[in-house]
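**Student:** Got a structure here, written out as structure tokens. Questions coming.
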Amino acid sequence: MKLLVIGSGMMGSAAAYDMASQPQVESVTLADSDLKRARDVATRLNRITGGKKVRAVAIDASKEKDAARLMKGHDGALSAVPYFLNLGLAQAAISAGCHFADLGGNNTVVRQELALAKKAEKKNLALAPDCGLSPGMASILGGELVRRLDGRADALKIYVGGLPEKPMPPFHYQLVFSVEGLINEYVEPARILRKGKLTTIEALTEPEAFHMDGFPPLVAFQTSGGTSTLPETFEGRVGECFEKTLRYPGHYDLLCELKALGLFSSEKLQVDGAQVSPRALMSKVFEGKFAGKGPDVSIMRIEAHESIKAPGIRGLLGGKLKGRVATFTMVDHYDPKTDMSSMMRTTAFPASIVLQMMCSGAIEKRGAVLQERDVPAEAFLAEVARRGIKIDYRLE
């Protein structure tokens, strides 16, 4: 198969590496507005993989017609650029006759993409937004846990964090993916299920202590985008459904203070004769202050709590008895062999896997592909394991 990756940053380069490493992939086109960066990345990836599959080209991802021309001749395309470009790229993919996946992360944009489902299906194409770590892999595994509990659960709880292995004060964090996507998680409302009903709540709320063997105490809190389509899929069948981000406590406190000061606002202010939004300013600050090269670690724990069916017990958070709890747990570390962060591996590799499964027919669904419903979890888990990402399953 011939694949295209748009964006040669951290996630795009990791996805292109994964694709080029697979024998069924004939070629990988790596496109970026910065042609020099794309060429440098392509050269490095060809050296690492010992082949010549990756080639670099220039593209302005905001120009839909140019993107469509580039997509022609490719079996599938993956967007690894900021989320606000994904709708145009999805439309370009349909025009070009190319399967499409992206890393998503913004509820509004994802729903605009899903509205293109009928157009894609008519052309026998698959369209899969939200294919990263969470949403993405966490959604696939969350859906699988609910199925293993006979399709119903009192709660589906997702905890995910990308963290520095050695947090340094005062920030206790290092940037591991797009700064635009990061701030969006802190600003947009979180979509969750409460008592089986879809609702929204403010991001950076409902903190709780989180414990994982081998790590200091962490804090988990609500953020936007992580549940993707899970609330719609499981409304009425799952009582509580949420995705919380994991951070070191000091960093969480800092985020709350910045938000309270209005520094994540997109409303422009007059500053020395110029119009400046606090969010744009904070994006630049984060890029500088949160930059880091130290080893990182990705943590994911997904819990599905069984819905009890017994006399006098309603289930869906209405009962007093405790049922079984099914869990998937992952702790993944920086890979020194490829010099890839754990967040690159656990975000880009799942997206690459899903795109390849769509192109090969392993994912049969055409039109809108929902991670929790349409991706065969066992086959996906086998591919993840083959790439050295270990995920443990328990039922207690």
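**Student:** For the stretch 179-213, name all the residues that are at pLDDT below 95, β-branched (V, I, T) and in contact with a Lys or Arg (Cβ under 8 Å, 6 or more places away or on another chain).
**Tutor:** Scanning the stretch 179-213 gives I183, V187.
**Student:** A further question follows. Inside the stretch 98-189, counting only strands (runs of 3 or more DSSP E) that do not spill past its ends, which hold 2 or more residues that are charged (D, E, K, R)?
**Tutor:** Numbers: elements: 99-102, 126-128, 153-164.
Where strands (runs of 3 or more DSSP E) fall fully within the stretch 98-189 and carry at least 2 residues being charged (D, E, K, R), they are 153-164.
**Student:** Name the one entry in V384, V354 that is at pLDDT 95 or above, assigned to a helix (DSSP H, G or I) and closer than 23 Å to L182 by Cβ. It would help to see each step written out before you state the result.
**Tutor:** Working: V384 fails: closer than 23 Å to L182 by Cβ.
Of the residues listed, the single one that is at pLDDT 95 or above, assigned to a helix (DSSP H, G or I) and closer than 23 Å to L182 by Cβ is V354.
Condition check ((1) surrounded by fewer than 23 Cβ atoms within 10 Å (Cβ to Cβ); (2) farther than 22 Å from E208 by Cβ; (3) over 10 Å from the mean Cα position of the chain (by Cα)) across all residues:
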position	(1), (2), (3)
A117	yes, yes, yes
A126	no, yes, yes
P135	no, no, no
L141	no, no, yes
R148	yes, yes, yes
G162	no, no, yes
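**Student:** Pick out the one residue from D66, D75, D34, D40 that is among the charged types (D, E, K, R), in the same structural domain as I94 (by TED's automatic domain parsing) and under 23 Å from the mean Cα position of the chain (by Cα). Steps first, answer last, please.
**Tutor:** Details: D66 fails: under 23 Å from the mean Cα position of the chain (by Cα); D34 fails: under 23 Å from the mean Cα position of the chain (by Cα); D40 fails: under 23 Å from the mean Cα position of the chain (by Cα).
Going through D66, D75, D34, D40 in turn, the sole match is D75.
**Student:** Looking only at the stretch 73-103, count every residue that is in contact with a helix residue (DSSP H, G or I) (Cβ under 7 Å, 6 or more places away or on another chain) and either within 21 Å of R39 (Cα to Cα) or among the acidic types (D, E) (or both) and tell me the total.
**Tutor:** Taking the stretch 73-103 and keeping what is in contact with a helix residue (DSSP H, G or I) (Cβ under 7 Å, 6 or more places away or on another chain), we get 75-80, 82-84, 86-96, 98-103.
Among the residues that remain, those that are also either within 21 Å of R39 (Cα to Cα) or among the acidic types (D, E) (or both) are: 75-80, 82, 102.
Here the count works out to 8.
**Student:** I'd like the full set of residues that are part of a loop (DSSP other than H, G, I, E, B), among the hydrophobic types (A, V, I, L, M, F, W, C) and without any contact (Cβ under 8 Å) to a residue 60 or more places away in the chain, limited to the stretch 258-274. Even if it seems obvious, please write down each step before you answer.
**Tutor:** As a first pass, look at the stretch 258-274 and keep what is part of a loop (DSSP other than H, G, I, E, B): 261-268, 272-273.
Next, from what is left, pick out any that are among the hydrophobic types (A, V, I, L, M, F, W, C): 261, 263-264.
Matches in the stretch 258-274: L261, L263.
The values are calculated or read from the model by the stated rules, or taken from the named source; none is laboratory data. Please read all numbers here as calculations on a predicted model, not as lab measurements. Here Cβ is always computed from backbone atoms with ideal geometry, including for glycine, and neighbour counts include all displayed protein chains.
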